[in-house]
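Undergrad: Mind having a look at this structure? Questions to follow.
The values are calculated or read from the model by the stated rules, or taken from the named source; none is laboratory data. A quick note: this is a predicted structure, and the numbers were derived from the prediction, not measured. Here the Cβ positions follow ideal geometry from the backbone for every residue, glycine too, while neighbour counts run over all protein chains shown. The accessibility values were calculated without ligands, DNA or RNA, using every heavy atom of the protein model including side chains. Shrake-Rupley method; radii C 1.70, N 1.55, O 1.52, S 1.80 Å.
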Amino acid sequence: MTDANILLTLARREVRGLSSYNAGLSSEAVRQRYALDRIAKLGSNENPFGPSPAVIDAITREAKNAGLYPDPNCGELRAALAAKFAVDPRRFVFGNGSEDLLGIISRVFLDHGDQVVTVLPSFGLHILYPQAAGAEVVGVPMGSDLRIDVDGLIAAITPRTRLLMFACPSNPVGSALTAAELQRILDAIPAHTLLIFDEAYYEYAKDAPDYPDCMAMLDACGKPYVLLRTLSKAYSLAGLRVGYGIVSDLLLADLIDRLRTPFNVNRCAQAAAVAALADDAHLQSGLDHVAAERTRVDQALREMGLAPAPSLGNFLFFATPFEAEALNEALLSRGAIVKPWREPGYTTYLRVSIGSMEDNDLFLAALKDSLAELG
């Protein structure tokens, strides 16, 4: 076997120092490790109800064409999204999940010496991909109320800031900007900085009374941006990997497409996405469930003496009296998969997805028992 130090020298120096993305454990791995029959998988913000029946039909019809390359332009999907959001179809870019687009954007726009400003705690790939491209990442911690520190974010922008990249609603916290806060950020962005606005949890937030129409505000500001969304969450296509971006300028789409692999959204995924976008009733039933269960789980956590951050996503983020990794092990042994946070300053926090009522109940019972065991 080749010496590990030799293999490390083959990698780019930026990659040698990177941490791996915390993708979480599968139900199968936990079931085998702890010999459990019942698992509540609440670590990856997945939709517990699965995709629309129309999606299954679309995949079945498309399967016969698996020997043919997909449409590299995602034409039918592009048209469906353009109609849904009243956006010029040429302004869309597509990825194998929005994570794919984050990687492409980092390779297209970042170089050594560039700076990226983001929010902490963060979606891990907002940090890993820019670092892999050789950029310096400046993380601005959220305030004590677990809301984005708008003043701190603006103050962190320097002449080297090539990208300002963050999620709204936040992942992992779930809090979101108000219209006034977003406008302050948009007013402060200098000409040399591209805004990457990650709206992966848009569907869960869009009907909240104080959630702004972010795309309209981004369009009105006249500054360059890429707005990212995904069909993994509310539309339950996580296993098919369909993400898209809406760009402010057609040149941005052209630049991104220059480094996009030509067939990065497969045939079945494209067909499934079109079908999912057309089934508003299935989408709404899932959104209604999350809103109701998020309130119920939030209240149950508060009755345990915990204080979840206000969330517009399909998850809750909260601190406990214990290190997250220790509590996570206790939860896993009881069949509850959540996501322990590892960023410095947040290592007592857990993020739990809102699942089915039964899975949420399993988690709450496991958490109560785990806290008692550790305490």
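Undergrad: Please state which one of 124, 152 is of a type outside the set (Phe, Trp, Tyr), more than 15 Å from the chain's Cα centre (by Cα) and surrounded by fewer than 20 Cβ atoms within 10 Å (Cβ to Cβ).
TA: On the way: 124 fails: more than 15 Å from the chain's Cα centre (by Cα).
The conditions single out 152.
Table: residues versus (1) free of Cβ contacts under 8 Å to residues at least 12 places away in the same chain; (2) touching a helix residue (DSSP H, G or I) at 6+ places or on another chain (Cβ under 7 Å).
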site: 216; (1), (2): yes, no
site: 223; (1), (2): no, yes
site: 230; (1), (2): no, yes
site: 251; (1), (2): yes, no
site: 263; (1), (2): no, no
site: 278; (1), (2): no, yes
site: 282; (1), (2): no, no
site: 307; (1), (2): no, no
site: 311; (1), (2): no, yes
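Undergrad: What pairs can you find where one residue is in segment 1-17 and open to solvent by 90 Å² or more (accessible area, probe 1.4 Å), the other is assigned to a helix (DSSP H, G or I) and not β-branched (Val, Ile, Thr), and their Cβ atoms are less than 7 Å apart, with a gap of 6+ or different chains?
TA: These pairs meet every condition: 16/8.
Undergrad: Residues of segment 53-99 being more than 26 Å from residue 281 (Cα to Cα), of a type in the set (D, E, K, R), out of contact with any strand residue (DSSP E or B) (no Cβ under 6 Å at 6 or more places or on another chain) and in a helix (DSSP H, G or I), which ones?
TA: 64, 90, 99
Undergrad: Still on this model: Answer with yes or no whether residue 361 is open to solvent by 30 Å² or more (accessible area, probe 1.4 Å), within 21 Å of the chain's Cα centre (by Cα), on the phi < 0 side of the Ramachandran plot and without any contact (Cβ under 8 Å) to a residue 24 or more places away in the chain.
TA: Working: open to solvent by 30 Å² or more (accessible area, probe 1.4 Å): yes; within 21 Å of the chain's Cα centre (by Cα): no; on the phi < 0 side of the Ramachandran plot: yes; without any contact (Cβ under 8 Å) to a residue 24 or more places away in the chain: yes.
No, not satisfied.
Undergrad: For segment 195-226, enumerate the residues that are over 15 Å from residue 176 (Cα atoms) and surrounded by fewer than 21 Cβ atoms within 10 Å (Cβ to Cβ).
TA: Matches in segment 195-226: 195, 216, 219, 220, 221, 222, 223, 224.
Undergrad: Now for a different question. Mind checking which residues of segment 260-319 are within 19 Å of the chain's Cα centre (by Cα), closer than 18 Å to residue 147 by Cβ, in a loop (DSSP other than H, G, I, E, B) and among the hydrophobic types (A, V, I, L, M, F, W, C)?
TA: Once the filter is applied, which keeps residues that are within 19 Å of the chain's Cα centre (by Cα), closer than 18 Å to residue 147 by Cβ, in a loop (DSSP other than H, G, I, E, B) and among the hydrophobic types (A, V, I, L, M, F, W, C), segment 260-319 yields 309, 312.
Undergrad: Note down all Cβ pairs under 6 Å where the first residue falls in segment 138-158 and is basic (Lys, Arg), the second is open to solvent by less than 30 Å² (accessible area, probe 1.4 Å), and they're at least six residues apart or on different chains.
TA: Qualifying pairs under 6 Å: 147/175.
Undergrad: Quick test for you: out of 139, 113, 75, pick the one residue that is at pLDDT below 95 and either closer than 17 Å to residue 170 by Cβ or open to solvent by 20 Å² or more (accessible area, probe 1.4 Å) (or both). If you could, list the steps in order and put the result at the bottom.
TA: Details: 139 fails: at pLDDT below 95; 75 fails: at pLDDT below 95.
Of the residues listed, the single one that is at pLDDT below 95 and either closer than 17 Å to residue 170 by Cβ or open to solvent by 20 Å² or more (accessible area, probe 1.4 Å) (or both) is 113.
Undergrad: Does residue 63 fit the bill of being closer than 21 Å to residue 355 by Cα and open to solvent by less than 60 Å² (accessible area, probe 1.4 Å)? Lay out the reasoning, then the answer.
TA: Numbers: closer than 21 Å to residue 355 by Cα: no; open to solvent by less than 60 Å² (accessible area, probe 1.4 Å): yes.
Criteria not met by residue 63.
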